[in-house]
Amino acid sequence: MTRVAAWLAAIATLIAVPSVASTYFTVRKTCPVGGQKFKFQELGSISTWGSLPDGMPVGSGEFPIRLPQCPGNGLVMFRDFTRPEIAKLTPYVQGEVYRGQRAAGETPYYLAFHTARMLGDADAEWLLLSATWEAKNAGPAAVSRAARYNAEFVDLVKARAARATDFESIAMRARAANALRELGRFDEAESLRAAIVIAPNAGDGTENAAENREGWAKYLRNLAAPIARRDMSRVPIDMMTEDYAVYRCLEKEQAAKHDLPEPPALTEFEVRYCARPELAQAIEQARKPSADAM
């Protein structure tokens, strides 16, 4: 179990998260290329209660949501394909590039991203962002892959024109600024973060437009501090909810309680953050179940 998976599991035992679980059901899939049939555990329902700074949801199941992949040729079925698209996919999945990517161990979402680009899909970058989550979830063995995916995501986003009225553009650039932070490219991260403009009418005509404008403005404000202190971590404690902050403050205690690997020591900043009076009551409240069990 990776550290991210471990704390997502353990945090649910420490804080009051919804008592729900993801549901799955078995379906039979037919590969669009070659017609191979296979069984797949399809997601029925899932609950979320927040997200990481890189956009990966935190919830009752695994993220990114697993995609069906043909067992033989490895085609990732990230959406339905038209007949003309299937005609393009046939030589593509049998070609040297796709087979080489599979042999190199590229993640399913990364394969899906390149397939989407080959088909001319708009906003295929979101598949690449999900691929960065896959790589980061794999732990230390995939550090270089995660960095490569992050860098590729940044380059693609920078190549797109910024649109201050469009939430898709705002969100993509905000995630790219965070990716630059994770890469340790702090000056670039701050430059991109500071350049993101959220127009007063951004998202007008869409549901919860005002709430989304404030949400992204808050995200960008919160991103400034980790960039300034040159924090490359995936989960800066001050960009997360109070519940997560409490868990991180008590992570060493919880690891011992739940027989998990010992986590990295708190950084100097995290030690100071955990000592804030605002967290004291929540930390003591979180300790109570452990004390009661003794």
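Counting Lys and Arg as +1 and Asp and Glu as -1, each charge on the Cβ, what is the dipole of the chain about the Cα centre in debye, to the nearest 20?
Working: 36 positive and 36 negative charges, 158 e Å.
Using Cβ point charges on Lys, Arg, Asp and Glu, the chain gives about 760 debye.
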ask   = Put a dot 7 Å past each Cα toward the Cβ at Gln285 and Ala195; how far apart are the dots in nm?
value = 4.3
inquiry  = Using the basic label-point model (7 angstrom from Cα toward the beta carbon), what is the Gln36 to Ile65 distance in nanometres?
reply    = 2.4
note = If one builds a Gaussian network model of the chain from Cα atoms under 10 Å apart, the most fluctuating residue listed among Thr241, Thr165, Thr82 is Thr82
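Output the pairs from Lys136/Lys252; Lys88/Lys136; Lys37/Lys136; Lys39/Lys88; Lys136/Lys218; Lys218/Lys257 with a Cα-Cα distance over 27 Å in this structure; if there are none, say none.
Values: Lys136/Lys252 21 Å; Lys88/Lys136 31 Å; Lys37/Lys136 31 Å; Lys39/Lys88 25 Å; Lys136/Lys218 25 Å; Lys218/Lys257 35 Å.
Going by Cα-Cα distance, Lys88/Lys136; Lys37/Lys136; Lys218/Lys257 fall outside the 27 Å limit.
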ask   = Which entry in (i) 18.0, 55; (ii) 20.9, 65; (iii) 19.3, 68 matches Rg and Dmax of the Cα atoms in Å derived from the coordinates of this structure?
value = (ii)
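When the accessible area of segment 151-269 is computed with all protein chains present and a 1.4 Å probe, what percentage of it is carbon and sulfur?
51
In debye, nearest 20: dipole of segment 146-197 around its Cα centre with unit charges on the Cβ of K, R (+) and D, E (-)?
60
Rounded to the nearest 0.05, what FRET efficiency is calculated for Phe25 and Lys158 with R0 set to 51 Å and r the Cβ-Cβ distance? Present the calculation step by step, with values, prior to reporting the outcome.
Details: r = 41 Å, r/R0 = 0.80.
So, using R0 = 51 Å, E works out to roughly 0.80.
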ask   = Which FRET efficiency value, to the nearest 0.05, is calculated for Asp187 and Asn208 with the Förster distance at 41 angstrom and r the Cβ-Cβ distance?
value = 0.75
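Placing +1 at every Lys and Arg Cβ and -1 at every Asp and Glu Cβ, with all other atoms neutral, what dipole size does segment 214-294 have around its Cα centre, in debye to the nearest 20? Intermediate results must be reported in sequence, preceding the final value.
Working: 12 positive and 14 negative charges, 53 e Å.
Value, rounded to 20: 260 debye.
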message = Please compute the modelled spin-label separation between Glu96 and Arg230, points set 7 Å along Cα→Cβ, answer in nm with one decimal.
response = 4.3
query = What base-10 log of the normalised intensity I(q)/I(0) is obtained for segment 148-294 from the Debye formula, alpha carbons as equal point scatterers, at q = 0.19 Å⁻¹?
reply = -1.10
task = Quote the relative contact order of the chain in percent (integer), defining contacts as alpha-carbon pairs under 8 Å separated by 6+ residues.
result = 13
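Can you give the accessible area per residue of segment 197-294, in Å², using a 1.4 Å probe? Could you put the intermediate results ahead of the total?
Values: 6040 Å² over 98 residues.
On a per-residue basis, segment 197-294 sits at 62 Å².
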inquiry  = With loop defined by DSSP as not H, G, I, E or B, and exposure as at most 13 other Cβ atoms within 10 Å, which is the longest segment of the chain clear of exposed trypsin sites (Lys or Arg not before Pro)?
reply    = 80-228
key: Solvent-accessible surface (1.4 angstrom probe) belonging to Tyr24, in square angstrom, nearest 10   = 110
ask   = With the other protein chains left in place, how much accessible area per residue, in square angstrom, belongs to segment 91-186 at a 1.4 angstrom probe?
value = 40
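The values are calculated or read from the model by the stated rules, or taken from the named source; none is laboratory data. Because the structure is predicted, anything quoted here is derived from the model rather than measured. Don't worry about glycine lacking a Cβ; one is built from the backbone with ideal geometry, like all the others, and counts go over all protein chains shown. Ligands, DNA and RNA are stripped out before the accessible areas are found, and what is left, the full protein with its side chains, is counted by its heavy atoms. Shrake-Rupley method; radii C 1.70, N 1.55, O 1.52, S 1.80 Å.
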